[in-house]
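Heads up: the structure comes next, in structure tokens.
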Amino acid sequence: MNENAIDGKSPFYEMRSISGQGNVLETETSFDDAVGWPFENFYRANRNEKQPDYQYLCADLPVLWICCTFAAKINNVKQSQFYGYNTGPGRASNGKARVGSIDMIDLLNENTLTYEWKRRGHNLNVMGGLTFETNKLERFVANARNFPYEGLGLGNIGAGTTLMNPSSYMQKWSIMSGLARIQYNYKGRYLATASIRADGSSRFAKGAKWGYFPSVALAWRVSEEKFLKNNSTVSNLKLRASWGQTGNQNIGFYKSMQTYGIGSVNFADAVDKGFYITNVANNGLSWETTSQFDAGAEISFLKNRLSLVLDYYYKISKDLLLNVPVAPSGSGNLTQLMNIGRVRNRGFEASVYAEILRSGRKKLGWTLDFNVATNANKVLSLGTTNYFLRTLNYRNSARDQVIVQVGQPLGTWYGYKTDGLFQYQDKDLDRIKSVIGATPAAGDWKYIDQNNDNVINEDDRVLLGDANPDFYGGIGTTLSYGPLSLRVLFQYSYGGKLLNATRVFCENMSTSTNGMHTMTDRWVGPDWETDDAGNVILENGLPIAIPGSGNPNGKLPRAGSVSNYNLQDTFLEDGSYLRLSNIKLTYRLPAKFCKKIGISNASVYLAGQNLWLWTGYTGSDPEVNMNSSIINGYDFDAYPHSKMITFGLNFNF
């Protein structure tokens, strides 16, 4: 408690402010040619940013704590671009200009009231609060081309004889929350917490904006009981259980409303502007709710030198916020965001900590920690349907390659199984009449005809697994001797199938773009035995291959084979890995030296992050997810974890 409150002086703290702001001017000049005007191609961004600006008023009373906070974040960004005649974009359009602005303001207010009561080992804490947040963003862009005189640059983009259609955008959202919490414990032995919060979000439909999320938790510190207290073997034993609900509103903006896009339409032999639907309204769209039960135990032995933590969780998410295809549209498949279905997650978590050697002034210390976790994911319901497909996009290709199906993990891969490549004299070449609309040839992928109709099409797609690992966790160890300490941390994951979509595009044998080095191991047909006149020699009506010629055992299809970018099992790879995620060597400076220079303590360290990775995955990094929570393990040109080496000093005054 604040001493002023106890002494009877004013309990209110003065209004305080913590703020920061900055102005940044960035200018970039570049040329296509060796000679050119210095303002033929430049980009300028003026940013006026003020964030955050906190104002808070607090009162500290003997049993009450009142706190109100206010925060504002304001961003004003202006962008401008001009490409002169001697630049690539400017040459193609005889000069090109673009100006734009982005204005954003975010306001936040939080108010809490806390009451505390203590008597004879009983401890009670009651808290209530209200929070408000609103955010507004506006954006504007104008473009012009064909400048008869480029000397003005951005001085007057109206000088461009071809004015492009300007564009503007505005979004606004708000959320209001009320919360209450009660905490009780008796002598640190029996602990209980109950809470509830009500959240109202503007992102949901009228009449469905509010969600209510309660929770309760109980714990029993058994080691504080008389029969176990001061036990020489068991240092700590705690049993705990909890249940609670949380809400999800991360759906973007205006998804409960019908939205439109602008396009060109032909009407009465003239091209005019028209509108098409981009999102179907949902007047009942509301919160996605997750209910979770946890049970766990914490136990320590031998004065906490050996500790074990065990947890089991069971989680049900209902009214999932999912985009469901409903009809074709002017821009592709039309979708509607719906609250449908239920998904279950359950699993175990375990961690062990061991102090193998207890450190001292001149003694070697060694600790070891290990944790492992599992998660089993399953779709329980999808409303009135049993499944729906999700599309993956890379470059100019879009295919339904993920299935959300009742009874399967969320985001299961869906595609074709392969049986190598077609070879000359392959009996299946005569049997299979068509492969996804094309006539098969030797050196093409050989897909399994699942329904035996002699045609390979979408009906032959099957479930190919999912990206969820079998288990994952970390291993860490610390060595210390006097002022020196070394901390090493490994991270691991076992199992799960990742889609290496980079290979789908870069191992395409029918494209003229750059390819991967693996394309050198493509299928190549053999050379045939010929006579002196150059005629192919036949034996039993078939040509005779020259031994050792070609590459019939190549892993990739022949050059020129048509790629359809469909998902198949060869592009799914094992996502297992072991990563040296962190290593840090620290030297603590002597206490006498620190006292001499007037500081409490100081240390110097050398650290490395993500220095080594052991994996069979051929992509840049197996720890990747470029898409969404539904589609995991999708890798298309994903940026890998950066390796980093850091040297630093820490001072405490």
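Computed quantities for the displayed model
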| read-out | value |
| --- | --- |
| Sparse-neighbourhood loop sites, GluC sites (Glu not before Pro) in the stretch 224-288 - DSSP loop, at most 16 other Cβ within 10 angstrom | 225 |
| Ordering of 140-147, 543-550, 419-426 by packing [mean C-beta count within 10 Å, highest first] | 140-147, 419-426, 543-550 |
| P(r), alpha carbons of the stretch 494-653 - 10 Å bins starting at zero, rounded % | 9, 22, 19, 16, 13, 10, 6, 3, 2, 1 |
| Karplus-derived 3J(HN,Hα), 6.51/-1.76/1.60, for each residue of the stretch 242-254, Hz, glycine and proline x | 8, 9, x, 10, 10, x, 10, 10, 7, 10, x, 10, 6 |
| Antiparallel bridge percentage (DSSP; both residues within the stretch 496-653; nearest 5) | 90 percent |
| Whichever lysines have a C-alpha closer than 25 Å to that of residue 596, once near sequence neighbours (fewer than 8 apart) are set aside | 362 |
| DSSP-assigned coil residues among GluC sites (Glu not before Pro) in the stretch 520-607, each with at most 16 further Cβ atoms within 10 Å | 529 |
| Kirkwood Rh, angstrom, the stretch 197-336 [1 / mean 1/r, Cα pairs] | 19.8 Å |
| Cα-centred dipole magnitude for the chain, charges only on beta-carbon of K, R (+1) and D, E (-1), debye, nearest 20 | 4040 debye |
| Cβ-based net charge around residue 253, under 10 Å, with every Lys or Arg adding one and every Asp or Glu removing one | +3 |
| Kirkwood hydrodynamic radius (C-alpha pairs) into Stokes-Einstein, the stretch 497-562, 4 °C and 1.567 mPa s, D in µm²/s | 92 µm²/s |
| Anisotropy class of the stretch 545-599 from Cα gyration tensor, a/c 1.5 cut | prolate |
| Two-decimal ratio, the chain, of alpha-carbon radius of gyration to 2.2 N^0.38 Å | 1.27 |
| Prolate/oblate/rounded label for the stretch 129-174 (Cα gyration tensor, a/c 1.5) | prolate |
| R0 of 60 Å, Cβ-Cβ distance residue 455-residue 154: FRET efficiency to nearest 0.05 | 0.55 |
| Mean-position separation - Cα centroids, the stretch 587-653 and the stretch 67-88, in angstrom | 31 Å |
| Radius, Kirkwood style, for the stretch 257-387 when every pair of distinct Cα atoms is counted (Å) | 20.1 Å |
| Residues whose placed amide H lies under 5 Å from that of residue 381, excluding near-sequence neighbours | 342 |
| Unsatisfied cross-links (Cα-Cα over 26 Å) in the set 238/303; 238/378; 446/497; 78/136; 209/318 | 238/378 |
| Fraction in percent of alpha-carbon pairs per bin - 5 Å, the stretch 183-257 | 3, 13, 17, 12, 11, 9, 9, 7, 7, 5, 4, 2, 1 |
| From phi via Karplus (6.51, -1.76, 1.60), per-residue ³J(HN,Hα) for the stretch 403-410 in Hz, x at Gly/Pro | 10, 9, 9, 4, x, 10, x, 5 |
| Computed [θ] at 222 nm, deg cm²/dmol, the chain (DSSP H ≥ 4; -39,500 (n - 2.57); rounded to nearest 500) | -1000 deg cm²/dmol |
| 15 Å cut-off, amide nitrogen to a point 7 angstrom out along residue 184 Cα→Cβ, residues in the stretch 210-247 | 216-220 |
| Against the rule of thumb 2.2 N^0.38 Å, how large the Cα Rg of the stretch 169-217 comes out | 1.70 |
| Placed amide H near residue 525: partners under 5 Å, 5+ positions off or other chain | 551 |
| Karplus 3J(HN,Hα) series, Hz, for the stretch 531-543 with 6.51 cos²θ - 1.76 cosθ + 1.60 (x for Gly, Pro) | 8, 4, 8, x, 7, 5, 7, 10, 9, 6, x, 10, x |
| Centre separation in Å (Cα based) which lies between the stretch 97-166 and the stretch 494-545 | 54 Å |
| Accessible area expressed per residue, the chain, with surrounding protein chains retained (probe 1.4 Å, Å²) | 58 Å² |
| Overall Cα dimensions of the stretch 245-288 - principal axes, largest extent first, Å | 58, 16, 8 |
| Evaluated at q = 0.11, 0.12, 0.21 Å⁻¹: base-10 log I(q)/I(0), Debye formula over Cα of the stretch 130-225 | -0.64, -0.68, -1.03 |
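The values are calculated or read from the model by the stated rules, or taken from the named source; none is laboratory data. Here the structure is a predicted model, which is why all the values come from computation and not from measurement. FYI the Cβ positions are ideal-geometry reconstructions off the backbone, even for glycines, and counts take in every protein chain you see. Surface areas here come from the heavy atoms of the whole protein model, side chains and all, with no ligands, DNA or RNA. Shrake-Rupley method; radii C 1.70, N 1.55, O 1.52, S 1.80 Å.
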